[in-house]
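The values are calculated or read from the model by the stated rules, or taken from the named source; none is laboratory data. Source: prediction; values computed, not measured. Note: ideal-geometry Cβ built from the backbone for every residue, glycine included; neighbour counts use all protein chains shown. When the accessible area is computed, the model is the full protein with side chains, heavy atoms only, and any ligands, DNA or RNA have been set aside. Shrake-Rupley method; radii C 1.70, N 1.55, O 1.52, S 1.80 Å.
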Amino acid sequence: ESYKRIGEVEDKVQAFLTLDEERARETAKAFDEKINSSEEKGLLFGMPMGVKDNIVTKGLRTTCASKILENFDPIYDATVVQKLQQAETVTIGKLNMDEFAMGSSNENSAFKKTRNPWDLDRVPGGSSGGSAASVAAGEVLFSLGSDTGGSIRQPASFCGVVGMKPTYGRVSRFGLVAFASSLDQIGPITRTVEDNAYLLQAISGLDPMDSTSANVAVPNFAAALTGDVKGLKIAVPKEYLGEGVNEAARQSILDALKVLEGLGAVWEEVSLPHSKYALAAYYLLSSSEASANLSRFDGVRYGYRTPDPESLIDLYKKSRAEGFGDEVKRRIMLGTFALSSGYYDAYYKKAQQVRTLIKKDFEDVFAKYDVIVGPTTPTAAFKIGENIEDPLTMYANDILTIPLNLAGLPGISVPCGFDAGLPLGLQVIGKYFDEAAIYRVAHAFE
Ligand code: GLN
């Protein structure tokens, strides 16, 4: 069914970089034989699944949408992919993204531009644009994305689907190609909150292969979907409804709050005073980490190598110059500069201090409230080409999603309305490891 739908719409949507049809059909056939047997079945038995192309899959091309990894076939599976196999999903293929997950529109992919299924002239968001578009277009039921500064929630919002960025440490990062290791998290993108809860359940948990994965019990997330939000305390940061957030987005949140109020929840306005520094701190920290993480792509160990190097140094230089796209180079240069001696204290250290203040803002609010609610993005999906020449406007897209990555908190985007026919998302932010509360609110409102 998935491949039939892909045959119908993929020409237009362009969500996939690689399809794994032969293997998927074999798996599906084996499942067909199992379906009527009394054998025990996996949690997500038979569900068609897409995986973002920065999550490694054994023997299945993994490019991070970069020329530098154009021919890279990993020799192992990421922990999340192994867990999906245990849950018995069927992997349909690998999904397009911004190169190395840097971007907010999928326009930074070296290979193709994924389009928004709601309006093919618009971007699907990014960097997990292929993951969100494939679910929205009905090509797969579930997908995995990764979120460093909003890359699951922003495309979910633009494509009218549900996207969860779990607490840092909830899901193993083993086999996720690192962008900014202290911020990256893998998470589920689905049509409904219920599907999302099941998929997160399947991929969560401590992993000996990732020392930052947390030894915290994984609850039955679906059990939180009772519809009961009576007495729940919701905080609405005034910074999230202020300047830059358009009227339709603001109104859709106020309408959603009315619905939640009708169900017995209470909400109040609060302040996260350091939010205004989040964007600057994020781009400094994430680029610093990226400059270190991406040094492994040297033309020797993986992927692309320049054809005629004059020396070893020349081989490094040319392979990287020819293999990386503009945005990736921009971040590596910014990060290398921020970490260079003499500038470290002024930039990197300062940004780390801001990060601590942002974390503290959230802790203060969560001392009194159960969840935080606001828009996911300041506007609905923009047009392809509209922001690509202007990196700062592009970066501003993440203004509402970034703060919680800096703090390591979990957050979801659920569809909450439309602006001129384009979907808008509501963001629910929860306490550390309290994804259950987020699902409870998102589901009650859905
Ligand atoms: N758009 C942000 C960036 O370009 C977020 C990326 C992400 O979350 N992977 O860095």
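Evaluate the Debye formula for the stretch 1-50 with equal point scatterers sitting on the alpha carbons, no solvent, and hand back log10 of I(q)/I(0) at q = 0.18 Å⁻¹, in q order, two decimals. At q = 0.18 Å⁻¹ the computed log10 ratios are -0.67.
Across the stretch 248-399, Cα-Cα pairs farther apart than 18 Å form 71% of the total.
Surface composition of the chain: carbon plus sulfur atoms hold 52% of the accessible area, using a 1.4 angstrom probe and ignoring ligands, DNA and RNA. Averaged per residue, the stretch 2-54 has 60 square angstrom of accessible surface, using a 1.4 angstrom probe with ligands and nucleic acids left out.
How large is the Kirkwood hydrodynamic radius of the stretch 111-253, counting all unique pairs of alpha carbons, in Å? Show your work: numbers first, answer last.
On the way: mean 1/r = 0.0604 Å⁻¹.
Kirkwood hydrodynamic radius for the stretch 111-253: 16.5 Å.
Think of each Lys and Arg Cβ as +1 and each Asp and Glu Cβ as -1; about the Cα centre, that makes the dipole of the stretch 123-197 roughly 160 debye.
For the stretch 155-254, which GluC sites (Glu not before Pro) are in a loop by DSSP, counting at most 15 other Cβ atoms within 10 Å? Walk me through the numbers before you get to the answer.
Numbers: sites: Glu194, Glu239, Glu243, Glu247; in loops: Glu243.
Hits after loop and neighbour filter: Glu243.
Straightening the chain between Glu268 and Lys238 buys 9.8 nm, computed as 0.36 nm per residue apart minus the Cα-Cα spacing. In this Cβ point-charge picture (+1 for Lys and Arg, -1 for Asp and Glu), the stretch 160-208 has a dipole of about 80 debye about its Cα centre. When you count the other C-beta atoms within 10 angstrom of each residue and take the mean per peptide, 34-40, 112-118, 290-296 line up highest first as 112-118, 290-296, 34-40. Ranking Pro74, Leu43, Phe31 by how far each Cα lies toward the positive end of the dipole of the stretch 13-78 (charges on Cβ) leaves Pro74 at the top. Between the alpha-carbon centres of the stretch 181-231 and the stretch 1-52 there is a gap of 22 Å. For the chain, the Cα-based Rg and Dmax, in that order, read 20.8, 71 Å. Ordering Ala224, Leu257, Ala396 by the projection of their Cα atoms onto the charge dipole of the chain, which places +1 on the Cβ of Lys and Arg and -1 on the Cβ of Asp and Glu, puts Ala396 at the extreme positive end. When all protein chains stay in place and ligands, DNA and RNA are ignored, the 1.4 Å accessible-area order of Glu10, Glu435, largest first, is Glu10, Glu435. A convex hull fitted around the alpha carbon atoms of the stretch 312-446 yields 160 Å³ per residue.
Listed highest first by mean packing, meaning other Cβ atoms within 10 Å per residue, what order do 89-97, 268-276, 281-289 come in? Please report the intermediate quantities before stating the final value.
Details: 89-97: 28.1, 268-276: 15.9, 281-289: 24.1.
Ranked from most to least packed, the peptides come out as 89-97, 281-289, 268-276.
Between Ile75 and Ser311, the simple spin-label model (points 7 angstrom out along Cα→Cβ) gives 3.1 nm.
Taking every pair of Cα atoms in the stretch 263-351, average 1/r, invert it to obtain the Kirkwood radius, and report Rg/Rh to two decimals. Write out the running numbers ahead of the final one.
Working: Rg = 19.4 Å, Rh = 15.6 Å.
Rounded to two decimals, Rg over Rh is 1.24.
Starting from one equal scatterer on each C-alpha and no solvent at all, send me the Debye-based log10 I(q)/I(0) for the stretch 207-258 at q = 0.19 Å⁻¹, two decimals. Log-scaled intensity ratios, in q order: -0.83. Rounded to whole Å, the principal axis extents of the Cα atoms in the stretch 191-320 read 70, 39, 26, largest first. Geometric descriptor of the stretch 13-129, per residue, is 107 Å³ (volume of the convex hull of the Cα atoms).
Where does each of 2-9, 426-433 land if you order them by average Cβ count within 10 Å, highest first?
Details: 2-9: 15.8, 426-433: 24.2.
Highest mean packing first, the order is 426-433, 2-9.
Tyr76 contributes an accessible area of around 90 Å² to the protein surface, as traced by a 1.4 Å probe with all chains present.
Where q = 0.13, 0.25, 0.28, 0.32 Å⁻¹, what log10 of I(q)/I(0) comes from the Debye formula for the stretch 317-359, counting one point per Cα? Reported log10 I(q)/I(0), two decimals: -0.40, -0.83, -0.89, -0.99.
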